[in-house]
Structure formats: C-alpha cells, structure tokens
1. Within the stretch 3-13, identify whether any single residue is free of Cβ contacts under 8 Å to residues at least 12 places away in the same chain, open to solvent by 10 Å² or more (accessible area, probe 1.4 Å) and within 19 Å of Ile103 (Cβ to Cβ), and answer yes or no.
2. Which of the residues that make up the stretch 68-105 are in contact with a helix residue (DSSP H, G or I) (Cβ under 8 Å, 6 or more places away or on another chain), more than 17 Å from Asn49 (Cα to Cα) and of a type outside the set (D, E, K, R)?
3. Determine, yes or no, whether Gly101 is buried (at least 16 other Cβ atoms within 10 Å of the Cβ), in a helix (DSSP H, G or I) and under 16 Å from the mean Cα position of the chain (by Cα).
4. Residues being surrounded by fewer than 15 Cβ atoms within 10 Å (Cβ to Cβ) and either more than 22 Å from Gly59 (Cα to Cα) or touching a Ser or Thr at 6+ places or on another chain (Cβ under 8 Å) (or both): count how many of those fall in the stretch 113-130.
Amino acid sequence: MIRCIVVLLEIVICYLLQSSVFPWFEMAGVVPNILLILIVSTAFFKGQNAGILTGFLSGLLMDFCIGDVVGLFAALYMLIGYFNGYAVKIFDKDDYLLPLGMITASELVYSILYYVFMILLRGKLNLGYYFFHITVPRTIYTVLVAILFYKIFQKLHLLLLRWENKEKK
C-alpha cells in the first residue's frame, strides 16, 4: 500500500517537473522525459507489472493533461514499462550503466513511436528533421537528467524494498 502511494506521488511530482519546471531549462527546443526515467526505474526494481502500471498511470495523466488522443501516451509508456520489466531478472540493483542504456533505448523507441502515431499518420514525412532536431537532442537531454534522477529513484526504491522486507519478517 505504501509503495502505491509513493509511486503515485512520484508520478505527480515527475509530471509537474516535466511540464512546469523543465520548460524553463529547455535545451535545443526540447525538455527531458522525467516520466520515462521513472517508468524505467520502477520496472527495473519491481518488474513488468509495476512497470506497466506506472506506465499506464503516467501515460493517462499525460493523455488527460496534454494529449490529443486519449490512450496514446498510456500505451507507449505501458509498452516501455513492460519491456524494461524483463530486466528485473538480470539486473543488479546497484548497477548504473544498464539502466542508463535502457533509458536511452526507451527514449529512442518512445520518440520513434510518437513520431509514427502523431506526426507520420498526419501526413508529415520529414523523418530526418524530426530525428536530428527533436529525437537526438531529447534523448541526450533525458540521459543527462537521468544521471541525477535515476540515482534518486534508485535510493527511494531500495529504501522501499528494505522497508517491505522488514515488514514481511
């Protein structure tokens, strides 16, 4: 129960940071995807089900607040949470490079799928421009911000895991 409350608070805080604080620190016309960092870190620590649920709730919040199509962000974030949840079996909780690599891959996949569903299907075919002017800078910025934020999420998840294990005993 406490984990659910903490994850809901994380989602709201990350959304607020992503939508109201980081636009002030916009670089190359993009802001980092803080919710994606949260989804990947939750999926790494708790597995596919937690990744899917965190992705769904984060995406639903994005859909209701800024989305044109309800369900697109939820589907994209759920997909990211699902596939990153596979790493829970091979992932060492203290590892730092694998999550950053997965955040990079997840941001690239997210950007490409977002392009396909929101831009390409509307008849705009300038993939080169989108990739080099939006996807690459956003991925780089997200990974740079992930260096700090992933460490915060890692400490919080480890604290929650210790608390849950203590409660089970």
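The values are calculated or read from the model by the stated rules, or taken from the named source; none is laboratory data. No experiment lies behind these values; they were computed from the predicted model shown. Quick reminder, even Gly has a Cβ in these numbers, built from the backbone with ideal geometry, and neighbours come from all protein chains shown. Areas reflect the complete protein model, heavy atoms only, side chains present, ligands, DNA and RNA absent. Shrake-Rupley method; radii C 1.70, N 1.55, O 1.52, S 1.80 Å.
1. Looking only at the stretch 3-13, we keep the residues that are free of Cβ contacts under 8 Å to residues at least 12 places away in the same chain, and these are 4-5, 9, 13.
Still in the running and open to solvent by 10 Å² or more (accessible area, probe 1.4 Å): 4-5, 9, 13.
With the extra rule that they be within 19 Å of Ile103 (Cβ to Cβ), the set shrinks to 13.
Yes, the stretch 3-13 has at least one match.
2. Passing the criteria: Val69, Val70, Gly71, Leu72, Phe73, Tyr96, Leu98, Pro99, Leu100, Met102, Ile103, Thr104.
3. Values: buried (at least 16 other Cβ atoms within 10 Å of the Cβ): no; in a helix (DSSP H, G or I): yes; under 16 Å from the mean Cα position of the chain (by Cα): yes.
Against the criterion (buried (at least 16 other Cβ atoms within 10 Å of the Cβ), in a helix (DSSP H, G or I) and under 16 Å from the mean Cα position of the chain (by Cα)), Gly101 does not qualify.
4. 7
Residue by residue, here is whether (1) part of a helix (DSSP H, G or I); (2) in contact (Cβ under 8 Å) with a residue 24 or more places away in the chain; (3) surrounded by fewer than 22 Cβ atoms within 10 Å (Cβ to Cβ) holds:
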position: Thr42; (1), (2), (3): yes, yes, no
position: Ala50; (1), (2), (3): yes, yes, yes
position: Gly55; (1), (2), (3): yes, yes, no
position: Ser58; (1), (2), (3): yes, yes, no
position: Asp68; (1), (2), (3): no, yes, yes
position: Phe73; (1), (2), (3): yes, no, no
position: Met78; (1), (2), (3): yes, yes, no
position: Tyr86; (1), (2), (3): yes, yes, yes
